[in-house]
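The values are calculated or read from the model by the stated rules, or taken from the named source; none is laboratory data. Note that this is a predicted model, so its numbers are computed, not measured. Please note: Cβ atoms are built from the backbone with ideal geometry, for glycine as well, and neighbour counts cover all protein chains shown. The area values use the complete protein model at the heavy-atom level, side chains included, leaving out ligands, DNA and RNA. Shrake-Rupley method; radii C 1.70, N 1.55, O 1.52, S 1.80 Å.
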Amino acid sequence: MTKRIGLTAAIALCAGMSATGVQAAETAAKPCVTPQEASGLILFIAPEAFKAVGDVCATTLPAGALLRQTSGAFIEKYRAETDAAWPMAKAALVKISGDDIKPALESDAFKPMMATMMAPIIAKDIKPKDCAQIDRIATLLAPLPPRNAAELVVTLIQLAGDKKESSKLPVCPADKG
């Protein structure tokens, strides 16, 4: 069975932590992030995540599919939210990665790299057979304001709760957020 690298380990790796630090981050109990922090993180990484998913699905989706668009109104409305979402995204990243990453997150140079580093983590588990359904979900979310779409995704993560073996984004249960 192949071991998947979690979000915590990938962020720690990208931040240049030592192998021991990565191992400690993987085995330590992860605090949950508030729904607001999770929503901020989703909004912050959304433009790059949509592009990464579109790249994975490029061979299975038609050229006009929403996820195949690399620019335009859909991506731009999410891109317009990234700066406002950054404080909550940063708080979420510190919680799931630990205080060791905090100095890197304070750097203006690190901010644009964060979403670029996280997007492949999101897209790596996508199977080509799922691309049509993922594009349909994106199409259904497209009319919503980005904040509403992000909050809907967070609510679905909360609803799934312990039903999944582990979430790459440990959102606090609704009654604790």
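Each residue in the stretch 81-101 was checked for being among the charged types (D, E, K, R) and surrounded by fewer than 14 Cβ atoms within 10 Å (Cβ to Cβ), and 2 of them qualify. Among the residues making up the stretch 79-121, those that are part of a loop (DSSP other than H, G, I, E, B) and over 18 Å from LYS168 (Cα atoms) are ALA80, GLU81, SER107, ASP108, ALA109, PHE110.
Summed over the stretch 47-59, residues that are farther than 18 Å from GLU81 by Cβ and open to solvent by less than 70 Å² (accessible area, probe 1.4 Å) total 4.
Among the numbered conditions (1) closer than 23 Å to PRO35 by Cα; (2) in contact (Cβ under 8 Å) with a residue 24 or more places away in the chain; (3) open to solvent by less than 40 Å² (accessible area, probe 1.4 Å); (4) β-branched (Val, Ile, Thr), the only one that ILE126 does not meet is (1).
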